[in-house]
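For reference, the structure is listed below as structure tokens.
The values are calculated or read from the model by the stated rules, or taken from the named source; none is laboratory data. Please read these numbers as outputs of a predicted model, since none were measured by experiment. Don't worry about glycine lacking a Cβ; one is built from the backbone with ideal geometry, like all the others, and counts go over all protein chains shown.
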Amino acid sequence: MTATPPAPGALAAASRRHALGWLVAGNATGLWLAALLLWPELNDMAAPFTYGRWVPLHLDWQLYGWCALPFAAVLLQYYLPADARGRATGRLALAVWSAGLALGGVTWLAGLSSGKLFLEWSGPARVAWPLAMFLVWLLLAVRVWPRRREFPWWAHGLLAVLAVVPFIVWWAADPRIYPAVDPDTGGATGSSLLGSTLGLVGIFGLLPFLLRLPATTAPDRRGRLQLYGVYLVVSLGLNAVIKRGNITHHDGGHIFGLASLALWVPLVWRYARAFVWPAAARPWLAAAFVWWLVLVVTGFITFLPEMGDRFKFTNGLVAHAHLAMAGLVTSLHVALLATLGRSWPAGRRWSFWTWQLACVVHVGALFWLGWREAAEPALLYVRGGVADWCYGLRLAAGGAMFAAALDWLVAAWRHDQE
């Protein structure tokens, strides 16, 4: 037997509103941070709510809000029953998740932070956020248990693994576990980048099954799935033998590990095309793969010894992070939200192109600034120079991306009321 999926749109509407709401909130905070970089005197006017207090809101609302909620929505739709209780459980889970994020924002603005990027949970938020994550998991588990025979073995395994995540977040947020700047690592090493990418590849491999996408009739479909699985095993083996610890950009094993990621782009593209995606999701899915290709190529180039030494600790790495989050992740997640409802148009054409082109300008300006500041660090302290021009382009591009995200949120509200 297989679990009965909820009716299209039953949970998708609430999921879209929560996910896009956090995208808009995170982008608004990012706009304010961009303005503070361009006009530092605004910090004096906003004190004590200065740059450092706003950064966790932008980072964590994007990560735990926009980057996580679409995946959470997929799990809610997959595991919850297609009845009124299932819909009520899904809405409650989304409300608990958003409440935890809102509390985190209050504590960060109050100055409570562990100092660890993406693990800034401190004070009451360090307990409240893992508790919110665990409550969401518990809501799922309670609804799954009476229908446990309807789910395949891997679905139970996934749910069991997810039960551990809240405890890991609580443990890792403790500054005593490892310091905010860890001297035992080399930062973004080949092993860390390869490992995180393989984790995302594995998640993407499950998405068509969690979304219950119909299979295509392509004659080589089985071969595509098998090739994906074989290369995943090979990549995991490679990741296991790469050295860990304080590794430099000059290590050949790490360079080879990063180079191996290039083959994943066509492999996952072929894997994705073994399933039938809704028409509204396809442009976003194509955009996600374009961004992923650019991310892999530029990531490999900037990791090479001379390039890595030049770009490390500059705005070039900030550009690469936005390339991943604003380019790849956002495009993929809009595709997921469009797939969940099977009826949402995924925004209007102008907002699609506005987001994509503004992201190009945003990333390009920061890459250029990173390249220049590596040779001339003092230019960051000169008003009216290259830094201000790049920060100005960043602010303008961020404003355009905020307008596009706001259009998606408004469209979602209007669509869900029809």
Requested in this report: Filter region 71-95 for residues that are farther than 22 Å from P208 by Cβ and not in a helix (DSSP H, G or I) and give the result.
Outcome: D83
**Report entry** Pairs, first under 19 Å from L80 (Cβ atoms) in region 185-214, second assigned to a helix (DSSP H, G or I) and modelled with pLDDT of 75 or more, C-beta under 6 Å, six or more apart
**Finding:** L210/V74; L210/Y78; L211/T339
Query raised in the report: Do any helices (runs of 4 or more DSSP H) lying entirely in region 301-418 carry at least 2 residues that are without any contact (Cβ under 8 Å) to a residue 60 or more places away in the chain and assigned by TED's automatic domain parsing to the domain that holds F118, and which ones are they?
Result: none
Report task. Kindly list the number of the only condition in (1) at negative phi; (2) touching a residue at least 60 places away in the same chain (Cβ under 8 Å); (3) of a type outside the set (K, R) that fails for G111. Result -> (1)
Report summary line: Sole miss for T330 among (1) polar (S, T, N, Q); (2) under 18 Å from the mean Cα position of the chain (by Cα); (3) within 23 Å of I255 (Cβ to Cβ) is condition (3)
Report task. Determine whether region 120-131 contains at least one residue that is part of a loop (DSSP other than H, G, I, E, B), under 21 Å from the mean Cα position of the chain (by Cα) and farther than 17 Å from F49 by Cβ. Result -> yes
Query raised in the report: How many residues, within region 143-158, are over 15 Å from R91 (Cα atoms) and surrounded by 10 or more Cβ atoms within 10 Å (Cβ to Cβ)?
Result: 11
Report task. Would you confirm whether any residue within region 266-276 is touching a residue at least 60 places away in the same chain (Cβ under 8 Å), surrounded by fewer than 16 Cβ atoms within 10 Å (Cβ to Cβ) and of a type in the set (V, I, T)? Result -> yes
Requested in this report: Quickly run through region 69-94 and pick out the residues that are touching a helix residue (DSSP H, G or I) at 6+ places or on another chain (Cβ under 8 Å) and small (G, A, S).
Outcome: A72, A73, G86, G90, A93
**Report entry** Single condition A99 does not satisfy, out of (1) closer than 18 Å to A19 by Cβ; (2) buried (at least 19 other Cβ atoms within 10 Å of the Cβ); (3) over 19 Å from the mean Cα position of the chain (by Cα)
**Finding:** (2)
Report task. Could you tell me whether any residue of region 353-370 is over 25 Å from P283 (Cα atoms), surrounded by fewer than 18 Cβ atoms within 10 Å (Cβ to Cβ) and either out of contact with any Ser or Thr (no Cβ under 6 Å at 6 or more places or on another chain) or of a type outside the set (G, A, S) (or both)? Result -> yes
